[in-house]
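K.L.:
Sharing a structure below in structure tokens format, with a few things to ask.
The values are calculated or read from the model by the stated rules, or taken from the named source; none is laboratory data. Predicted model only: the values in this text are computed from it and were never measured. Here Cβ is always computed from backbone atoms with ideal geometry, including for glycine, and neighbour counts include all displayed protein chains. All accessible areas refer to the heavy atoms of the entire protein, side chains included, with ligands and DNA or RNA removed. Shrake-Rupley method; radii C 1.70, N 1.55, O 1.52, S 1.80 Å.
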Amino acid sequence: MTRPPRVVHLDDIEAIPGPGTLTWHPVRAHLGLRAFGTNAYTASKVGDDVVEPHDENPDLAHEELYFVARGRATFTLDGETVDAPAGTYVFVPDPATHRHAVAQEPGTTVLSFGGPPTFEPSAWEWMFRAVALADSDPAAAREIVQDGLDKHPESPGLHVALARVRLSEGDEAGARAALADAIERQAEVEEYVRQDAALGRLL
């Protein structure tokens with residue numbers, strides 16, 4: 001059964017007090033999200049918890065990512081303190097890491113995301129990064145493409161990115177070969193390539 005998209009403002013999600021001075025917004029439960037865990041924590045005053053002191057269940061082996069969406073927080077990770085103003089990500093890959101965060105400004109809000117490290121990233125992540133660097137740093141772009149192709153060898157987009165890198169390196173024949181590989185894998189790629197100012201002339 002197809003589920004429709006849902007849109008909700010954080011402030012409209014139920015605010016549950018505790019444990020301690022923490023205020024928890026059950027984002028995952030509210031949205032019915034199944035792909036990963038996510039919640040939000042808000043602090044009405046300085047010194048309130050925005051991440052309760054804890055480590056993660058080693059049997060679940062969840063990685064956790066925190067994002068300070070508003071205000072400012074101080075994280076303590078295995079005894080080391082980290083200043084985290086709004087816009088800061090804090091990644092905790094080891095479930096055994098003890099973590100805690102308190103608000104340094106009223107209204108501080110921290111978002112959390114967690115789950116087992118089983119996610120398979122899409123090939124477009126490598127493609128977009130490589131194409132952006134193709135002219136300014138072809139060597140770095142080539143490394144990114146190769147890393148992507150190691151994981152997604154059949155990706156048409158990564159073969160297009162490889163063509164772009166080869167063209168920047170002056171290897172026009174290699175670029176044409178990579179484009180041919182991409183189009184063989186997905187014929188629709190040809191129309192995309194024709195609209196690209198750098199690659200379109202190679203067809």
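K.L.:
Take Ala163 and tell me if it is closer than 30 Å to Gly18 by Cβ and not in a strand (DSSP E or B).
P.N.:
No; evaluated as a whole, the condition is false for this residue.
K.L.:
To continue, here is another question. Go through (1) more than 30 Å from Asp55 (Cα to Cα); (2) open to solvent by less than 60 Å² (accessible area, probe 1.4 Å); (3) out of contact with any His (no Cβ under 6 Å at 6 or more places or on another chain); (4) modelled with pLDDT of 95 or more and name the single condition Ala173 misses.
P.N.:
Going through (1) more than 30 Å from Asp55 (Cα to Cα); (2) open to solvent by less than 60 Å² (accessible area, probe 1.4 Å); (3) out of contact with any His (no Cβ under 6 Å at 6 or more places or on another chain); (4) modelled with pLDDT of 95 or more one by one, Ala173 breaks only (2).
K.L.:
Does Val8 satisfy the criteria of being open to solvent by less than 60 Å² (accessible area, probe 1.4 Å), β-branched (Val, Ile, Thr) and in a loop (DSSP other than H, G, I, E, B)?
P.N.:
Answer is yes for this residue.
K.L.:
Can you find even one residue in the stretch 39-54 that is under 21 Å from Phe119 (Cβ atoms), open to solvent by less than 70 Å² (accessible area, probe 1.4 Å) and not aliphatic (A, V, I, L, M)?
P.N.:
yes
K.L.:
Next question. Residues that are within 20 Å of Ala84 (Cα to Cα), in a loop (DSSP other than H, G, I, E, B) and not acidic (Asp, Glu): does the stretch 23-41 have at least one?
P.N.:
Within the stretch 23-41, not a single residue is within 20 Å of Ala84 (Cα to Cα), in a loop (DSSP other than H, G, I, E, B) and not acidic (Asp, Glu).
K.L.:
What are the pairs, 6+ residues apart or on separate chains, where a residue within the stretch 88-116 that is free of Cβ contacts under 8 Å to residues at least 24 places away in the same chain has its Cβ under 7 Å from a residue that is open to solvent by less than 10 Å² (accessible area, probe 1.4 Å)?
P.N.:
Cβ pairs passing all conditions: Thr88/Val68.
K.L.:
Please work out which residue is farthest from Asp171 (Cα to Cα), limiting yourself to the stretch 142-158 and to residues that are part of a helix (DSSP H, G or I) and open to solvent by 50 Å² or more (accessible area, probe 1.4 Å).
P.N.:
Lys151
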